[in-house]
1. Going by the conditions given, is residue 32 at pLDDT 80 or above, surrounded by 14 or more Cβ atoms within 10 Å (Cβ to Cβ) and part of a helix (DSSP H, G or I)?
2. Counting residues that are at pLDDT 75 or above and out of contact with any strand residue (DSSP E or B) (no Cβ under 8 Å at 6 or more places or on another chain), which helices (runs of 4 or more DSSP H) fully inside the range 68-137 reach at least 3?
3. Could you say which residue among 47, 65 is more than 20 Å from residue 128 (Cα to Cα) and buried (at least 16 other Cβ atoms within 10 Å of the Cβ)?
């Protein structure tokens with residue numbers, strides 16, 4: 001059985017003909033959620049890829065992202081910044097999933113999904129708020 005890697009999925013979504021208008025609309029203000037990094041053009045890569053990379057740092061306990069590194073101790077200590085980072089990662093993941101739901105189900109009831117998106121920049125990043133607006137249009 002062949003592995004279906006996340007990068008492969010993003011490559012396909014960034015060039016999927018059914019998503020041309022969605023990807024084009026996002027690229028007018030930067031890049032699509034799924035675009036690959038292009039250092040020659042200074043493009044960091046789409047938000048989905050960026051978020052996946054960030055979460056991989058934690059899930060693979062890379063240096064600086066292991067539990068001991070984050071808590072700065074070996075005991076159960078509450079570190080506000082670490083809790084906030086995990087909370088933001090969770091919100092970003094749920095928000096990206098909401099955008100993907102709207103893409104996959106364009107006629108879905110948007111009221112519950114729209115409740116995730118507020119004007120507070122510190123809750124949902126601008127890339128995702130813009131993607132949500134494009135997907136919901």
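1. No.
2. 80-104, 126-136
3. Working: 47 fails: more than 20 Å from residue 128 (Cα to Cα).
Exactly one of 47, 65 is more than 20 Å from residue 128 (Cα to Cα) and buried (at least 16 other Cβ atoms within 10 Å of the Cβ), namely 65.
The values are calculated or read from the model by the stated rules, or taken from the named source; none is laboratory data. None of these values were measured; they are calculated from a predicted model. Cβ coordinates were reconstructed from backbone atoms using ideal geometry, including for glycine residues, and neighbour counts include every protein chain displayed.
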